[in-house]
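Below: one structure, written as structure tokens.
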Amino acid sequence: MPTKDQLQQQIAELKMDYINLQGDMEKLESLGHADSVKQALTRLENMEARLAELNKQLAAL
């Protein structure tokens, strides 16, 4: 089981990746790349689920 510090680090990294992906997605939308936007949305959903799991683990500590 990861430590509190490890979980917090994973959460911080995932949040940064999430923010970067949102920015990339906005660029893709403005350029009309619908398929890439759909893939990015799927990745965002997966990241949200992972964040929820990490936060749940952190709360359990």
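Comparing Leu51, Val37, Pro2 along the charge dipole axis of the chain, the residue lying farthest to the positive side is Pro2, per the Cβ-charge model.
Computing the accessible area with a 1.4 Å probe over protein heavy atoms, can you report the carbon and sulfur percentage for the chain? Reported share for carbon and sulfur atoms: 51 percent. Nearest 10 degrees, 0 to 90: what angle lies between the long axis of helix 34-60 and the longest principal axis of the chain (Cα atoms)? Between the helix axis and the principal axis of the chain, the angle is about 10 degrees. Segment Ala52..His33, full-extension length gain: 4.0 nm, with 0.36 nm per residue of separation and the alpha-carbon distance subtracted. Accessible area per residue for the chain is 75 Å², calculated with a 1.4 Å probe on protein heavy atoms, without ligands, DNA or RNA. Going through (i) 17, 18, 16, 16, 14, 9, 7, 3, 1; (ii) 23, 42, 23, 11, 1; (iii) 19, 42, 33, 6, the figure that equals P(r) over Cα pairs in 10 Å bins from 0, in percent as computed for the structure here is (ii). Computed per residue of the chain from DSSP H runs no shorter than four, each worth -39500 (n - 2.57), the mean residue ellipticity at 222 nm is -32500 deg cm²/dmol. Between 0 and 90 degrees, the angle of helix 4-31 with respect to the longest Cα principal axis of the chain falls at about 10 degrees.
The values are calculated or read from the model by the stated rules, or taken from the named source; none is laboratory data. In this text the structure is predicted, and so the values were computed from the model without any measurement. Positions of Cβ are backbone-derived with ideal geometry, glycine not excepted, and every protein chain shown enters the neighbour counts. Accessible surface is based on the protein model in full, side chains and every heavy atom, while ligands, DNA and RNA are left aside. Shrake-Rupley method; radii C 1.70, N 1.55, O 1.52, S 1.80 Å.
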